[in-house]
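A.B. asks: Below is the structure I would like to discuss, written out as structure tokens.
Read-outs throughout are calculated quantities, based only on the coordinates presented, and are distinct from any laboratory measurement. These figures come from a predicted structure and were not determined experimentally. Neighbour counts run over all protein chains shown; Cβ positions are idealised from the backbone, glycine included.
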Amino acid sequence: MDALVSLPLVLAVVLLELAVGGAFLIWFIDRTDEAPGGFLKLAAFVDAAVIAFALALNGALPQGATAVRIGIDIGKVSAFGQLLVVVTVLVIVQLVAVFTPWKRFRAVTGAAVVIVGVTSLALAASARPSQSPYDVFALLALPLGALALGGSDAAMLLGHWYLVTPKLSTAPLERAALVVVVAVVLQSVLVAISIARGELTNITETALFVAVAIRVGVGLLATLGVALGAWWTARMNTQSSTGLLYVGLGMVLAGEISARVVFFLTGAAI
């Protein structure tokens, strides 16, 4: 029952992670002269669609006595919902920007999405049930999730561009895959710190234990292997790299959903 109460918040946060991480990778890849224009447009369109779904959950975010009962700060959830509207507007502006030839405009709008998006994620993180709502590791958990999830999605979309333009430099795909590798490594460090601090010792429910297992086994360990493989093969075979990124995206998504369920029910920074 508690999981159902927090589910709209979990889904809204995961969708926001995907959009913000995707916006970051657009900004990151666009800083070079090798970024395919078609990829920038496709990735921005996907981000806009994703953030629209997140915004649609705004009215269902946990409020009232049921949210208070499981320890969620309803004031911060309400503020998160308001900031989500701002992020949505900025994502739409970024979508418009990628259709323009003005690189600086694209850079500024991309940076704005990332900054406001990360702020929104930090606000959502502080709403979790915890005696230390502004714990630095908990505040880092969601932005790192955005980097992993949004990075995986955007990297996978980038890989498709090599199917229609095989002579493209592999450097953008290598960099995109490397972003995912770095994000997953940092997430693994964060989970190790959480375990060392004893944040998971009180998890006794079978469902939460399974969620933690999915997070660690699928969302981190397996994903790291796949992401490393995608990065390594990008310079030799972009089709193989794209296929691995497909698999990695599914793994990251499973891990993020599991992690956010645990995060908003127990406060553990995983």
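A.B. asks: How large is the convex hull of the C-alpha atoms of the range 40-153 per residue, in Å³?
C.D. replies: Numbers: hull volume 11.1 nm³, N = 114.
Hull volume normalised by residue count: 97 Å³.
A.B. asks: Cα to Cα, under 21 Å, and not fewer than 8 places away if on the same chain: which lysines meet these conditions relative to K167?
C.D. replies: List returned: K41.
A.B. asks: If we sort 152-164, 45-57, 211-223 on the protection proxy, mean other Cβ atoms within 10 Å, highest first, what's the order?
C.D. replies: Going by the mean number of other Cβ atoms within 10 Å, highest first, we get 152-164, 211-223, 45-57.
A.B. asks: Could I get the Rg over Rh figure for the range 1-45? Both from C-alpha atoms, Rh via Kirkwood, rounded to two places. Walk me through the numbers before you get to the answer.
C.D. replies: On the way: Rg = 15.2 Å, Rh = 12.2 Å.
Rg/Rh: 1.25.
A.B. asks: Moving on. If I model the chain as equal point scatterers sitting on the Cα atoms and use the Debye formula, what is log10 I(q)/I(0) at q = 0.07 Å⁻¹?
C.D. replies: After summing over all Cα pairs, the log10 values are -0.23.
A.B. asks: Among W232, W102, L221, whose Cα projects farthest towards the positive end of the dipole of the chain, with charges put on the beta-carbon of Lys, Arg (+1) and Asp, Glu (-1)?
C.D. replies: Ranked along the dipole, the leading option is W102.
A.B. asks: Treating the beta-carbon of each Lys and Arg as +1 and of each Asp and Glu as -1, no other charges, what is the dipole magnitude of the range 145-270 about its Cα centre, to the nearest 20 debye?
C.D. replies: On the way: 6 positive and 5 negative charges, 54 e Å.
In total the dipole reaches around 260 debye.
A.B. asks: Shifting gears a bit: Return the Rg/Rh value of the range 114-157, two decimal places, where both radii are evaluated on C-alpha atoms and Rh is the Kirkwood radius.
C.D. replies: 1.07
A.B. asks: Next question. Consider all pairwise Cα distances in the range 54-104 and report the whole-number % of them above 18 Å.
C.D. replies: Result for the distance tail: 47 percent.
A.B. asks: To the nearest 500 deg cm²/dmol, what mean residue ellipticity at 222 nm is calculated for the chain from DSSP H runs of n ≥ 4 alone, each contributing -39,500 (n - 2.57), summed and divided by the residues?
C.D. replies: After summing the helix terms and dividing by the residues of the chain, the value is -27000 deg cm²/dmol.
A.B. asks: Among A19, A196, A268, which residue has its Cα positioned farthest towards the positive end of the charge dipole of the chain, with +1 placed on the Cβ of Lys and Arg, -1 on the Cβ of Asp and Glu, and the dipole taken about the Cα centre?
C.D. replies: A19
A.B. asks: Hey, another quick one. Using only Cα atoms, what is the ratio of the radius of gyration of the range 99-220 to 2.2 N^0.38 Å?
C.D. replies: Expressed relative to 2.2 N^0.38 Å, the Cα Rg reads 1.31.
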